Amino acid sequence: MVDIDLDALEPTDFIQEAVLEDLKNGRFNYVRTRLPPEPNGYLHIGHVKAFLIDYNTAKLFGGELYLRFDDTNPAREETEYVDAIKEDIQWLGIEWAKETYASDYFELLYEWAIRLIKIGLAYVDDQSPEEVSRNRGTLTEPGIESPFRNRSVEENLDLLERMKNGAFPEGSRVLRAKIDMSHPNMVMRDPTMYRIMHTSHHRTGSKWCIYPMYDWSHGQNDSMEGITHSLCSLEYEIHRPLYEWFLEHLGEFKSRQIEFSRLNMTYTMMSKRKLRKLIEEGIVKDWDDPRLTTLRGLRRRGYTPEAILDFNKRTGVSKVNIVNSGVMVDYALLEACIRDDLNKRALRKMAVLKPLKLVIDNYPEDQVEEMEAINNPEDESAGTRKVPFSKVLYIEQDDFLEDPPKKFYRLFPGNEVRLRYAYFITCTDVVKDEQGNIIEVHCTFDPETHGGNAPDGRRVKSTIHWVSAQHAVPAEVRLYDRLFTKEQPDDVENGEEYATYVNPASLEIIERAFAEPGLAGTQPGEKFQFERTGYFCVDPDSKENKLVFNRTVALRDSWAKFQEQQKN
RNA sequence: UGGGGCGUGGUGUAACGGUAACACACCGGCCUUUGGAGCCGUGGUUCUUGGUUCGAAUCCAGGCGCCCCAGCCA
């Protein structure tokens, strides 16, 4: 029973409004939702939307959430996935009241099937899969009734039991609901309830030789568990009449199904089948490849549960149906969410991704100063730290140009910039190798500007980051970009393959970057902002003697954007 | 050409018959010891046509467009 003040509740979407209405008008007096993953692959960001709708709806009304694995197809489901899915859901912070399996109800479901046979509403069909398909009709033409449709109850009962016990080969028979072969809704044209599979199940072993179809299992499981609100995506809307038909004739408890838009995102793929293909073809390494929008990929990439929850909140809930039964959300929104979260929380560090040697000619040879740096300008309580400074430094290659274009404010011959938290420097000279590559930049510093402030009040246009060459720790840095160059990579155009749209620059490995010494010893999962370049986290590949960082997302970069504009 | 859904700036969501709002993106500007962050500003005849109404994104009717369904997948 709900013992909360319904009038005080604030529903945040149309589903919660509908549930509130059901509670107010007495259709239900409690709320129980269910979260129904199929244990046949890893979770991706699209699943999160569905999960959070179930979780948040139950939570708002003081109800409970069941985690029910839809394990009705043993040919593709494994325990390994069950564990991984639970781990991912927990990582997000979703709690469930009870863990159940569709297979928990195989026995009861079988009894219900017998009841349907007994009232003449289900029959064993001996047609081949091809015949069943051919006789289903088309979208505009009615189907043809099976010659086995009017078998006696006794024969149906006998055949089903023998099917269950393994008397017949796979594909030889199915149990079908007897509804209407000319129904305009294809789902209602005598849908299959059980098929024969001589496959061992991850939980029931070899006990069953028949397994229920999703359409026969799901709605009945909802009923058996007393699920009040069965929340699912739009493509199940046309299945709702079938679920209601079953329960109506069985005389069992009816859940209310409410459908919502699925989440699709630009520059990525959501379907498990396609994700699996990416892995099999070696385009990405595994389910946790940081370029994937799987939960494991996002986690390894450095995304936080908070950012993903925020993303979910910002994308909302609706029934808008633009593509693939749902909406198409801009990938940039996800990036905005992680930037927002990490901006507030991540400690700042300095790291030079593409090092260029900088020598301060007038700085004493052996001197080392400890410069005070702010750990997080967004959070004063994060305090400060000391960063060693000396005569020879590394700066970013991108921060120096011998012959700069207009609007380039960084270092170039004759120009003065600030080294973050250190000094003002002026570039005096450039050293090149025989091929003409710049290998060293020389400058002088102004001792009066210690800490980065000029007592005479003069200003510089730019502040650049640095690390002291003799103190820096080397690190491998993996720069990621979107996996595809096309907004909808699965919208494959004539003759092409989605592989055509794979972004060749989706992964760039920098073998030898240099980080400030404070980064030594950091542990996998730790997150930082490398000033001026982006947010990074320590990869699980990282070892005591070899740091590995993943770039979660780059900082917004108006200079890079400006350059991009100039090109176009 | 059957059935079921959905149409609000580029994208996603609000507005529950009473001045179309918010976020992201984009483009300007301010500010800045991160070209980050922050702050301010410019973008829409609410798919369309007609009707009801003092008043319509909202209610009604027609049209158009898009998505889903012909697995012994879920």
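The values are calculated or read from the model by the stated rules, or taken from the named source; none is laboratory data. Everything numeric in this text was worked out from a predicted model, so none of it was measured. When we count neighbours, we look across all protein chains shown, and the Cβ atoms used for this are built from the backbone with ideal geometry, even at glycine. Surface accessibility is based on the protein's heavy atoms, side chains included, excluding ligands, DNA and RNA. Shrake-Rupley method; radii C 1.70, N 1.55, O 1.52, S 1.80 Å.
I need the GluC sites (Glu not before Pro) found in segment A:242-306, filtered to DSSP loop residues with at most 12 other beta carbons within 10 Å of theirs.
Of the GluC sites (Glu not before Pro), the ones in loops of segment A:242-306 whose Cβ has at most 12 other Cβ atoms within 10 Å are A:281.
Fully extended, how many nm does the chain gain between residue A:97 and residue A:562 (0.36 nm per residue separation, minus their Cα-Cα distance)?
Taking residue A:97 through residue A:562 to full extension adds about 162.2 nm, to one decimal.
Taking square-rooted eigenvalues a ≥ b ≥ c of the alpha carbon gyration tensor, is segment A:467-568 rounded, prolate or oblate, where a/c under 1.5 means rounded and, failing that, a/b exceeding b/c means prolate? Walk me through the numbers before you get to the answer.
Working: a/c = 2.93, a/b = 1.77, b/c = 1.66.
In terms of gyration-tensor shape, prolate.
With +1 assigned to the C-beta of every Lys and Arg and -1 to the C-beta of every Asp and Glu, and no other charges, what is the dipole magnitude of chain A about the Cα centre in debye, to the nearest 20?
In total the dipole reaches around 300 debye.
Are there trypsin sites (Lys or Arg not before Pro) in segment A:483-568 that DSSP puts in a loop and that have at most 12 other Cβ atoms within 10 Å, and which ones?
Hits after loop and neighbour filter: A:556.
Which residues' amide hydrogens lie under 5 Å from the amide hydrogen of residue A:534, considering only partners 5 or more residues apart or on another chain, with H built in the peptide plane?
A:555
Quick check: from the Cα gyration tensor, does segment A:358-400 come out rounded (a/c under 1.5), prolate or oblate?
In terms of gyration-tensor shape, oblate.
Hey, what angle do you get for helix A:106-118 against the long axis of chain A, alpha-carbon based, 0 to 90 degrees rounded to 10?
Approximately 40 degrees, to the nearest 10.
Counting only protein heavy atoms, what percent of the accessible surface of segment A:351-465 is carbon or sulfur at a 1.4 Å probe?
44 percent
Could you run the Debye sum over the Cα atoms of segment A:166-280, one equal point scatterer each and no solvent, and tell me log10 of I(q)/I(0) at q = 0.15, 0.21 Å⁻¹, two decimals?
-0.90, -1.19
Would you mind working out the accessible area per residue for segment A:17-149, using a 1.4 Å probe, and quoting it in Å²?
In whole numbers, segment A:17-149 has 41 Å² accessible per residue.
How large, in percent, is the carbon and sulfur part of the accessible surface of segment A:166-324 at a probe radius of 1.4 Å?
Here carbon and sulfur together make up 50 percent of the probe-accessible area.
Taking only protein heavy atoms into account and a 1.4 Å probe, give the accessible area per residue of segment A:291-419 in Å².
Counting only protein heavy atoms, the per-residue value for segment A:291-419 is 45 Å².
In square angstrom, what is the accessible area per residue of segment A:179-233 with a 1.4 angstrom probe?
29 Å²
I need the phi-derived Karplus couplings for segment A:346-360: 6.51 cos²θ - 1.76 cosθ + 1.60, θ = phi - 60°, integer Hz, Gly and Pro marked x.
For segment A:346-360, the Karplus curve yields 6, 6, 8, 9, 10, 8, 9, 6, 10, x, 10, 6, 10, 10, 9 Hz.
Which whole-Hz ³J(HN,Hα) couplings does segment A:448-465 yield from phi under the Karplus relation 6.51 cos²θ - 1.76 cosθ + 1.60, θ = phi - 60°, glycine and proline marked x?
Coupling constants for segment A:448-465: 5, 9, 3, x, x, 10, 9, x, 7, x, 6, 10, 10, 7, 9, 10, 10, 9 Hz.
Over 16 Å apart: what share of the alpha carbon pairs of segment A:351-465 falls there, rounded to a whole percent?
62 percent
Out of segment A:99-203, which trypsin sites (Lys or Arg not before Pro) are coil in DSSP terms and have no more than 15 other C-beta atoms within 10 Å?
Loop-located and lightly packed - A:149.
Could you work out the percent of alpha carbon pairs in segment A:6-260 separated by over 34 Å, rounded to a whole number? Don't skip to the answer; put the middle values down first.
Values: 6742 of 32385 pairs.
That fraction is 21 percent.
For segment A:259-272, what does the Karplus curve 6.51 cos²θ - 1.76 cosθ + 1.60, with θ = phi - 60°, yield as ³J(HN,Hα) per residue in whole Hz, taken in order and with x for Gly and Pro?
Once θ is set to phi - 60°, the couplings for segment A:259-272 become 9, 9, 5, 6, 9, 10, 10, 5, 6, 8, 10, 10, 5, 4 Hz.
Could you size up the charge dipole of segment A:365-479 around its Cα centre, putting +1 on the beta carbon of Lys and Arg and -1 on that of Asp and Glu, and report it in debye to the nearest 20?
So the dipole magnitude of segment A:365-479 works out to roughly 420 debye.
Taking the alpha-carbon distance from residue A:313 and a cut-off under 18 Å, which lysines remain once sequence neighbours fewer than 8 residues away in the same chain are dropped?
Of all the lysines, those that pass the test against residue A:313 - Cα under 18 Å, at least 8 places apart if same chain - are A:49, A:59.
Which value in deg cm²/dmol, rounded to the nearest 500, describes the helix-derived mean residue ellipticity at 222 nm for chain A, given -39,500 (n - 2.57) per DSSP H run of n ≥ 4 and division by the residue count?
-8000 deg cm²/dmol
Among the DSSP beta bridges whose two residues both lie in chain A, what percent are antiparallel, rounded to the nearest 5?
Of all bridge pairs located within chain A, approximately 65 percent are antiparallel.
For segment A:1-108, just the Cα atoms, rotate onto the principal axes and tell me the three extents in Å, largest first.
So the three principal-axis extents are 47, 33, 20 Å.
Compute the distribution of all C-alpha to C-alpha distances in chain A, in bins of 10 Å from 0, and list the percent of pairs in each, rounded to whole numbers.
3, 14, 21, 20, 15, 11, 8, 6, 3, 1, 0
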